[in-house]
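The values are calculated or read from the model by the stated rules, or taken from the named source; none is laboratory data. Keep in mind the model is a prediction, meaning the values are calculated, not measured. Virtual Cβ from ideal backbone geometry, glycine too; neighbours counted across all protein chains shown. These accessible areas exclude ligands, DNA and RNA; they are computed on the full protein's heavy atoms, side chains included. Shrake-Rupley method; radii C 1.70, N 1.55, O 1.52, S 1.80 Å.
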Amino acid sequence: VQLQAFGGGLVQAGGSLRLSCAASGKISSITDMGWYRQAPGKQREWVATIGSDGVTAYADSVKGRFTISRGNAKNTVYLQMNSLKAEDTAVYYCKLRQGWRPYWGQGTLVTVSS
């Protein structure tokens, strides 16, 4: 299974970006898909998850500003990021789980200028 993330870039504080992630390969049953991020000098942290049933969950730091959704193909996941802050600057990674096995994408850099 391969994951390809897109959509990162440079944006001013208060702006918006939409990240996309497409999964390919031997995908039999997706448990959930999600986004994580890693800021410079910090550990990777969870951002949001969407289950196969469409149930979503968000980290407190992004709740109300970010929205995770699945594409019609179900092997794609999006992260709509609004009201971006400088502290949202990080490399964003998408993750897919089949059963308990995780697969990671390569990351896309989001830089928010203040």
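Does segment 59-101 hold any residues that are hydroxyl-bearing (S, T, Y), open to solvent by 50 Å² or more (accessible area, probe 1.4 Å) and assigned to a strand (DSSP E or B), and which are they?
Residues satisfying the conditions are T67, Y78.
Out of segment 1-16, which residues are β-branched (V, I, T) and part of a strand (DSSP E or B)?
Selection gives V11 alone.
Is it the case that segment 17-37 has a residue that's at pLDDT below 95, in a loop (DSSP other than H, G, I, E, B), over 12 Å from the mean Cα position of the chain (by Cα) and buried (at least 17 other Cβ atoms within 10 Å of the Cβ)?
Yes; the residues of segment 17-37 include at least one that is at pLDDT below 95, in a loop (DSSP other than H, G, I, E, B), over 12 Å from the mean Cα position of the chain (by Cα) and buried (at least 17 other Cβ atoms within 10 Å of the Cβ).
Only residues that are open to solvent by 60 Å² or more (accessible area, probe 1.4 Å) and within 17 Å of the chain's Cα centre (by Cα): list them for segment 1-15, please.
Those that are open to solvent by 60 Å² or more (accessible area, probe 1.4 Å) and within 17 Å of the chain's Cα centre (by Cα): Q2, Q4, F6, L10.
Restricting to segment 1-41, give me the number of residues that are in contact (Cβ under 8 Å) with a residue 40 or more places away in the chain and among the basic types (K, R).
Summing the residues that are in contact (Cβ under 8 Å) with a residue 40 or more places away in the chain and among the basic types (K, R) in segment 1-41 gives 2.
What about G51, is it farther than 16 Å from Q106 by Cα, out of contact with any Pro (no Cβ under 8 Å at 6 or more places or on another chain) and open to solvent by less than 60 Å² (accessible area, probe 1.4 Å)?
Against the criterion (farther than 16 Å from Q106 by Cα, out of contact with any Pro (no Cβ under 8 Å at 6 or more places or on another chain) and open to solvent by less than 60 Å² (accessible area, probe 1.4 Å)), G51 qualifies.
Any idea how many residues of segment 104-114 are within 24 Å of I30 (Cβ to Cβ), open to solvent by 40 Å² or more (accessible area, probe 1.4 Å) and assigned to a strand (DSSP E or B)?
Count: 1.
Would you mind finding the one in T67, T76, T56 that is under 11 Å from the mean Cα position of the chain (by Cα) and over 23 Å from V112 (Cα atoms)?
Matching residue, one of T67, T76, T56: T76.
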